[in-house]
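The values are calculated or read from the model by the stated rules, or taken from the named source; none is laboratory data. As the structure is a prediction and not an experimental result, all values here were calculated from the model. Neighbour counts are summed over all protein chains in view; Cβ atoms, including those assigned to glycine, are modelled from backbone coordinates with ideal geometry. Calculation scope for accessible area: heavy atoms of the full protein, side chains included, ligands and nucleic acids excluded. Shrake-Rupley method; radii C 1.70, N 1.55, O 1.52, S 1.80 Å.
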Amino acid sequence: MNINILTNEKEQQINDLIDEGRNIVICCHKSPDGDALGSSIAWMDYLAGRGKTAEIVLPDAFPDFLQWLPYSDKTVRYDKHPDKVKDLFDNADLVFCLDFNSTSRVDEMQPVLDASPAKKVMIDHHLSPDIDAVLSMSHPEMSSTSELIFRIIWQLGGFESMTPKCAASIYCGMMTDTGGFTYNSGSPEIYFIISQLLAKGIDKDKIYRNVFNNFSPWAIRMRGYIMCHKLNVYSDYHASFFSISRQDMKNFHFIKGDAEGLVNEPLRIKGMKLSISLREDDRKDNLIWVSLRSVDDFPCNKMAAEFFNGGGHLNASGGRIYSSLEEAEKTVKRAIAYYAELLK
């Protein structure tokens, strides 16, 4: 099966950039998820096999359930070490931007990334890329950036020397960005890639447990509370939404990642087409994080762009609203009404 994605010109270009790179930085988007962190770690591991040392820089914290990933403790967070991160960017000659399509996605780290004199390479699977890069590998049709990383490593001849740590990180990224391969994962090539990762000796069942069965008792209680008391179901529109307030998070000792995947739960309701979650930022007033999931051909990415300052994929998108939680709920109701004909 042919899984190559690079033209001959891009293959030569990325090889030359890696060979010439001396001070390499890998970075990903704010609130790194499994794909952002997994692809970054896998790419760092691949570069190490080519004799290159790369630093992984993150805008802020990643969820607790990803701490098992190899080298995750070696990452450098901008929110904790801004001076060190600025120094890394200032002295870099090559920066890989993984799993984001615009430098605004790194949030408060954007000024130091934009100011870096390094050559930038973008590897991403989101729509509408907008990064000033010397090389862009943008493939929105891919399930994840981790899938892209595998395909690139494969085409560059790096599969034979791929380590189990690299393979596990790629599998984690692919798995988390497809909800355990339940959406954005219909391509036969995905399962060929999985078979090759399994050949490296990874334990896919343990990876699943590490990610999806790693909640605290408080997180489970919160999830039950939200589904019982906060879920709004509009049966006529085959849509639902719920909100998580800062007080809810305080009551249930919320830590980053406790609400991961919760937006998918309402889609288990018979006939449900759309699920939306709202969550107050735990530090900033009037900032609401929005997640959207849909099934079949409902374009939650369009809804995210039109109503929630966001975007993403057909069935999995996100955004943010600068308002109170109450106003955000009104916006959700307007969005559902606007798309009523597609939802009915």
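Candidates are the residues of segment 50-61 that are within 15 Å of the chain's Cα centre (by Cα) and surrounded by fewer than 22 Cβ atoms within 10 Å (Cβ to Cβ); the one that is nearest to Ala118 (Cα to Cα) is Asp60. Here segment 21-49 is the region considered, the condition is being in contact with an Asp or Glu (Cβ under 8 Å, 6 or more places away or on another chain), among the charged types (D, E, K, R) and open to solvent by 10 Å² or more (accessible area, probe 1.4 Å), and the residue that is farthest from Asp99 (Cα to Cα) is Arg22.
Quick one: is Arg223 more than 22 Å from Leu37 (Cβ to Cβ) and out of contact with any strand residue (DSSP E or B) (no Cβ under 9 Å at 6 or more places or on another chain)? Judged against the criteria, Arg223 is a match.
Between Leu292, Leu343, Leu267, Leu262, the distinction of being aliphatic (A, V, I, L, M), closer than 26 Å to Ser235 by Cβ and in contact (Cβ under 8 Å) with a residue 60 or more places away in the chain belongs to Leu343 only.
Quick check: is even one residue across segment 164-182 among the β-branched types (Val, Ile, Thr), touching a helix residue (DSSP H, G or I) at 6+ places or on another chain (Cβ under 8 Å), modelled with pLDDT of 95 or more and surrounded by fewer than 18 Cβ atoms within 10 Å (Cβ to Cβ)? Scanning segment 164-182 turns up no residue that is among the β-branched types (Val, Ile, Thr), touching a helix residue (DSSP H, G or I) at 6+ places or on another chain (Cβ under 8 Å), modelled with pLDDT of 95 or more and surrounded by fewer than 18 Cβ atoms within 10 Å (Cβ to Cβ). I'm checking my understanding of the structure. Among residues of segment 290-344 that are of a type in the set (Phe, Trp, Tyr) and within 12 Å of Lys273 (Cβ to Cβ), which one is nearest to the chain's Cα centre (by Cα)? If we take residues in segment 290-344 being of a type in the set (Phe, Trp, Tyr) and within 12 Å of Lys273 (Cβ to Cβ), then Phe298 is nearest to the chain's Cα centre (by Cα).
The condition of being of a type outside the set (S, T, N, Q), under 24 Å from Gly179 (Cα atoms) and either at pLDDT below 95 or assigned to a helix (DSSP H, G or I) (or both) does not hold for Asp60.
Any residue at all in segment 329-337 that's open to solvent by 80 Å² or more (accessible area, probe 1.4 Å) and either touching a Cys at 6+ places or on another chain (Cβ under 6 Å) or closer than 24 Å to Ala219 by Cα (or both)?
Taking segment 329-337 as the starting set, the residues that turn out to be open to solvent by 80 Å² or more (accessible area, probe 1.4 Å) are 330, 333-334.
Pick out the ones that are also either touching a Cys at 6+ places or on another chain (Cβ under 6 Å) or closer than 24 Å to Ala219 by Cα (or both) and you get none.
No, every residue in segment 329-337 fails to be open to solvent by 80 Å² or more (accessible area, probe 1.4 Å) and either touching a Cys at 6+ places or on another chain (Cβ under 6 Å) or closer than 24 Å to Ala219 by Cα (or both).
For segment 146-160, check the following and say yes or no: at least one residue is under 19 Å from the mean Cα position of the chain (by Cα), open to solvent by 10 Å² or more (accessible area, probe 1.4 Å) and within 24 Å of Gln13 (Cβ to Cβ). Among the residues of segment 146-160, at least one is under 19 Å from the mean Cα position of the chain (by Cα), open to solvent by 10 Å² or more (accessible area, probe 1.4 Å) and within 24 Å of Gln13 (Cβ to Cβ), which makes the answer yes. Checking each residue in segment 199-215 for being exposed (fewer than 15 other Cβ atoms within 10 Å of the Cβ) and in a loop (DSSP other than H, G, I, E, B) picks out Ala199, Gly201, Asp203, Asn213.
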